[in-house]
Amino acid sequence: MQSKILCGALLGLLAGGIAVTAPAQDWKPERAVELTIPSSPGGSNDIAGRLINKLWTDLKLLPVPSAVANRSGGQHAVAYTYVSQRAGDPHSLGVMSTPMLVNPIQGSMKLTHNDVTPIAYLITEPMVAVVRADSPLKTGKDLVEALAKDPSSLSITLTSTGHRVSIGLPMKKGGVNIKAVRMPAFKGGGETTAAVLGGHADVQITSVSTSVPHVTAGTMRVIAVSSNQRLGGVMANVPTWRELGFQSSGSWKGVMGPKGMTPAQIAFWEDVMRKTAQSPEIAQFAEKNQWLVEFKGAAETRKWLDEESAALKVIMTELGLVKQQ
């Protein structure tokens, strides 16, 4: 009798339009996973991507092997396009960062964050202006003042439009003729570091983690950092752009997949990235390399990407980095 009552109640719920759904099926990778890094070896994206992959292995977060693949070029467009073309394949992921947003706004890439599946926001990383240890430039203010007098007097090497935004903000406030400044672009942070160390460029704009080993070794010196407050460790004496009287911007790192991933697949990777972000290992690495680990899940990351894209469009228009239609 009781079973008949329960069956009747269930039928009543269904008839009343209340959905009764089964729990979502668990999903796990069935073959080797590839994590695409959008730059050549040596830069901050390479450092982040290799650390993420190492933690997947060390923490036994995946039931299958995983490997990284560097696909540089087009200011990250090559890597982002590669991942986006693998629609529905949850075994092909990629590191995404600031160029995912600035490139489409600038008009150098058609693909946007809406053409991939955001999995997680992982790291906020300040950007720094770096010179050789023997450079006469002592602070970012010296750099801006020198460029205001003669825009072609110094060469600034970088890898992306995000770097141009970071240094463009203080140059704009300092009255620099930005279009006249020599800013050669390279494929990765390792190349821009080599250009400055080799005397082929005067200043490198890069994410802070790229500069830490060279500052520690005494071969390079940071003259300004984009963070709101001074950093610690080897960066403790570096002034912020803000305290020098300027504005600047930082970088970020996240993980994406191609479009067409199922909710269960997204949930799996979101959980993997959450465990990665919560590990003591990444906390120790972040402290050493001046990262801020600030995890956001898939839905929150997509919302942040939408909001940040709108804000960047305003800033980049002011800097003249948006192509006129």
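The values are calculated or read from the model by the stated rules, or taken from the named source; none is laboratory data. For clarity, every value in this text was computed on a predicted model and none was experimentally measured. A quick note on method: Cβ atoms are made from the backbone with ideal geometry, for glycine too, and the neighbour counts reach across all protein chains shown. Ligands, DNA and RNA are stripped out before the accessible areas are found, and what is left, the full protein with its side chains, is counted by its heavy atoms. Shrake-Rupley method; radii C 1.70, N 1.55, O 1.52, S 1.80 Å.
Tally time: how many residues in the range 188-201 are crowded, with 21+ Cβ neighbours inside 10 Å and not in a helix (DSSP H, G or I)?
Result for the range 188-201: 2.
Regarding the range 246-259, can at least one residue be identified that is part of a loop (DSSP other than H, G, I, E, B), closer than 30 Å to Gly107 by Cβ and open to solvent by less than 20 Å² (accessible area, probe 1.4 Å)?
The answer is no; no qualifying residue exists.
Criterion first (modelled with pLDDT of 95 or more and in contact with a strand residue (DSSP E or B) (Cβ under 6 Å, 6 or more places away or on another chain)) does Leu93 satisfy it?
yes
Output the residues belonging to the range 216-234 that are touching a residue at least 60 places away in the same chain (Cβ under 8 Å) and either within 16 Å of Glu125 (Cβ to Cβ) or of a type in the set (Val, Ile, Thr) (or both).
Thr219, Val222, Ile223, Ala224, Val225, Ser226, Ser227, Leu231
Would you say Val102 is open to solvent by less than 10 Å² (accessible area, probe 1.4 Å), β-branched (Val, Ile, Thr), touching a residue at least 12 places away in the same chain (Cβ under 8 Å) and closer than 20 Å to Gly42 by Cα?
no
Would you point out which residue out of Ala299, Ala286, Ala311 is modelled with pLDDT under 95, surrounded by fewer than 17 Cβ atoms within 10 Å (Cβ to Cβ) and of a type in the set (Gly, Ala, Ser)?
Ala311
Go through the range 217-230 residue by residue and tally those that are open to solvent by 30 Å² or more (accessible area, probe 1.4 Å) and either closer than 18 Å to Lys138 by Cβ or at pLDDT 95 or above (or both). Even if it seems obvious, please write down each step before you answer.
Taking the range 217-230 first, the residues open to solvent by 30 Å² or more (accessible area, probe 1.4 Å) are 217-219, 221, 228-230.
Now narrow it down to the ones that are either closer than 18 Å to Lys138 by Cβ or at pLDDT 95 or above (or both): 217-219, 221, 230.
The total comes to 5.
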